[in-house]
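Here's the structure we're looking at; comments come further down.
The values are calculated or read from the model by the stated rules, or taken from the named source; none is laboratory data. What you see is a predicted model, and the numbers here were worked out from it, not measured in a lab. Cβ: placed from backbone, ideal geometry, glycine included. Neighbour counts: every protein chain shown.
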Amino acid sequence: MIFTSESGLTDASRIAEWDVWYRGHLAAMVAVPGVTSAQRFRVLDDGPPPSLAMYSVASPAVFDSAIYLRTRGMGPFLPVVDRGLHRRNLFEGLDAAPEVPIDGILVVADRAVADRVAEGIIWLRAVAIDRSTPYRGIAVFPDLASARQAAARLGGAACYTPMTECLSGS
C-alpha cells in the first residue's frame, strides 16, 4: 500500500527549516513497524501542493499503532501548514511505492476514474484517510521532457522532483 501526505506552508520564510525537519521526520517514519520506505518530492508547477511525501506501508493497521501515533504529523510546523493544501491518502494497487532516482521525475495524476489506457501509468485506488481523490495515477520518468510528454497525454498531471533519496525501513 502507498500512503501519501501532501502539504505546503503559509509562512514561506520557514520552508528551508521545514525541509531540514522533514528529512528527520522521514527517517523517524521508516522506523515505524510496517513503514518500509519514505521519500519526499517538490512539485515543479503551480497548483498542486508543493510538497509530497510517499511511503510504503504494510496495511491500514500501521496507522493505529502507538509508535505511528507518536511519530506522525507536522511537528513544530503544524501552526503554519496550509490546511487547503494538506491531504493524506492511503492507496491500494501497489505493494510498495516506487523508488524515484534523485534525478528522476514522478508524475501524479488524480482522477475520478482510472484511465486504464494511459501507457506506463499505474493506477492506485484511495481506500482510507482523506480520500481526496478516488484514483491516483503514478509513473516514474528518467527526465522532465518525457514526464511532461506523459502528463500531456494524460490531459494534465503534476510533475514532482525528489527532494530526498528513498529511505528504507522495517
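Numerical summary
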read-out: Test result for residue 129, surrounded by fewer than 18 Cβ atoms within 10 Å (Cβ to Cβ), at pLDDT 95 or above and touching an Asp or Glu at 6+ places or on another chain (Cβ under 7 Å); value: no
read-out: Selected residue [loosely packed, with under 14 Cβ neighbours inside 10 Å, small (Gly, Ala, Ser) and more than 27 Å from residue 114 (Cβ to Cβ)] from 73, 84; value: 73
read-out: Matching residues, region 50-67, being farther than 14 Å from residue 2 by Cβ and surrounded by fewer than 18 Cβ atoms within 10 Å (Cβ to Cβ); value: 61, 64, 65, 66, 67
read-out: Criterion: under 21 Å from residue 159 (Cα atoms) and of a type in the set (A, V, I, L, M, F, W, C) - qualifying residue of 66, 31, 61, 38; value: 38
read-out: Enumeration of residues in region 37-48 that are within 20 Å of residue 21 (Cα to Cα) and buried (at least 18 other Cβ atoms within 10 Å of the Cβ); value: 37, 38, 39, 40, 41, 43
read-out: Strands (runs of 3 or more DSSP E) wholly inside region 54-170 containing at least 3 residues that are among the charged types (D, E, K, R); value: 87-92
read-out: Filter result (surrounded by 13 or more Cβ atoms within 10 Å (Cβ to Cβ), hydrophobic (A, V, I, L, M, F, W, C) and over 19 Å from the mean Cα position of the chain (by Cα)) within region 108-124; value: 118
read-out: Subset of region 24-46 (residues that are at pLDDT below 95 and in contact with a strand residue (DSSP E or B) (Cβ under 9 Å, 6 or more places away or on another chain)); value: 45
read-out: Residue 32 touching a Gly at 6+ places or on another chain (Cβ under 9 Å), farther than 24 Å from residue 140 by Cα and assigned to a loop (DSSP other than H, G, I, E, B); value: yes
read-out: Residue satisfying condition, being touching a His at 6+ places or on another chain (Cβ under 9 Å) and more than 18 Å from residue 161 (Cβ to Cβ), within set 1, 29, 74; value: 74
read-out: Subset of region 10-39 (residues that are touching a residue at least 12 places away in the same chain (Cβ under 8 Å), within 17 Å of residue 79 (Cβ to Cβ) and of a type outside the set (Asp, Glu)); value: 10, 14, 18, 21, 22, 25
